[in-house]
Amino acid sequence: RYGTNTVRLGGLKVYTTLEPDLQDAAQDAVASYPVTSAAAALVSTDADTGEIKAMASSSAYDDSQFNLAAQGLRQPGSAFKPFALTAAVDQGVDPDSTYYAAPDTITLTPCDGCPPWTVSGGSSGTISLRSATANSVNTVFAQLVLDIGPEAMDEMAAKMGITAELNNYPAEVLGALTYGASVLDMSNAYATLANGG
């Protein structure tokens, strides 16, 4: 819009929500990541305002103009479970009084005509949804997503800030997204939880 010379030689005032001390700390944290061959990214979002306070990635801008924190898509794993929990609470489910069986492995049928879905990562006995959340129990969340509907989970994730394409698959509750999610989206979505919605 303004031309290369204006951008590179000056004349513009740029206002940002980034805080230099936090940005330095984020860069240091990413740089100290012990696995040098792995890509790393970090985003810090102010839960009160939604402002980005720091954004860092393991690749330097001079090496790549790809912003790993904002553009890199990764499987979120169990970090996606709170979107199912939030959708359940939105539907009136009480995490303290709702209990599920929590076997080590469970086989479920997601829909009529769908192949069986086998999920591992349980606990034992029957536990509350709150306890299943605290202990990240896969077999409970697999049952929960079928009860509330994967569409409700994905709709809630989008409302909270996930911009990645979601496909209403039950396995998304365990973070198995077709395309993944960015660190920026996950930070923004968790900031929504932190500020009470």
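Some observations on this one:
- If you go through the stretch 158-168 and pick out every residue that is over 19 Å from Tyr190 (Cβ atoms), of a type outside the set (D, E, K, R) and open to solvent by 50 Å² or more (accessible area, probe 1.4 Å), you end up with 1.
- Ala26 being in a helix (DSSP H, G or I), within 28 Å of Ala157 (Cβ to Cβ) and in contact (Cβ under 8 Å) with a residue 24 or more places away in the chain: yes
Condition check ((1) acidic (Asp, Glu); (2) more than 29 Å from Ser97 (Cβ to Cβ); (3) at pLDDT 95 or above) across all residues:
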site: Pro115; (1), (2), (3): no, yes, no
site: Ala152; (1), (2), (3): no, no, yes
site: Glu172; (1), (2), (3): yes, no, yes
site: Ser187; (1), (2), (3): no, yes, yes
site: Asn195; (1), (2), (3): no, no, no
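- The lone criterion from (1) among the polar types (S, T, N, Q); (2) closer than 23 Å to Gly50 by Cα; (3) touching a strand residue (DSSP E or B) at 6+ places or on another chain (Cβ under 8 Å) left unmet by Thr126 is number (2).
- Qualifying residues in the stretch 48-82 (those that are in contact with a Phe, Trp or Tyr (Cβ under 8 Å, 6 or more places away or on another chain) and part of a loop (DSSP other than H, G, I, E, B)) - the one nearest to Leu174 (Cα to Cα): Leu73
- Of the residues in the stretch 1-12, not one is under 28 Å from Pro76 (Cα atoms), touching a Ser or Thr at 6+ places or on another chain (Cβ under 7 Å) and not in a helix (DSSP H, G or I).
- For Glu155, the criteria (1) in contact (Cβ under 8 Å) with a residue 60 or more places away in the chain; (2) surrounded by fewer than 19 Cβ atoms within 10 Å (Cβ to Cβ); (3) closer than 29 Å to Val30 by Cβ hold in every case but one, which is (3).
- Note on the stretch 115-134: among residues that are open to solvent by 40 Å² or more (accessible area, probe 1.4 Å), closer than 24 Å to Gly196 by Cβ and in contact (Cβ under 8 Å) with a residue 12 or more places away in the chain, the one that is nearest to the chain's Cα centre (by Cα) is Thr133.
- Taking first residues from the stretch 91-114 that are open to solvent by 50 Å² or more (accessible area, probe 1.4 Å) and partners that are of a type in the set (D, E, K, R), the Cβ contacts under 6 Å between residues at least 6 apart in sequence or on separate chains come to Asp96/Arg130.
- Criterion violated by Val140 - all others in (1) farther than 21 Å from Ala191 by Cβ; (2) open to solvent by 40 Å² or more (accessible area, probe 1.4 Å) satisfied: (2)
- Long-range neighbours under 7 Å by Cβ, at least six apart or interchain, first residue under 16 Å from Asp24 (Cβ atoms) and modelled with pLDDT of 95 or more within the stretch 38-54, second among the acidic types (Asp, Glu) and open to solvent by less than 60 Å² (accessible area, probe 1.4 Å): Lys53/Asp46
The values are calculated or read from the model by the stated rules, or taken from the named source; none is laboratory data. Bear in mind the structure is a predicted one, so any value in this text is a computation, not a measurement. Because the Cβ atoms are built from the backbone with ideal geometry, glycine has one as well, and the counts that use them run over all protein chains shown. When the accessible area is computed, the model is the full protein with side chains, heavy atoms only, and any ligands, DNA or RNA have been set aside. Shrake-Rupley method; radii C 1.70, N 1.55, O 1.52, S 1.80 Å.
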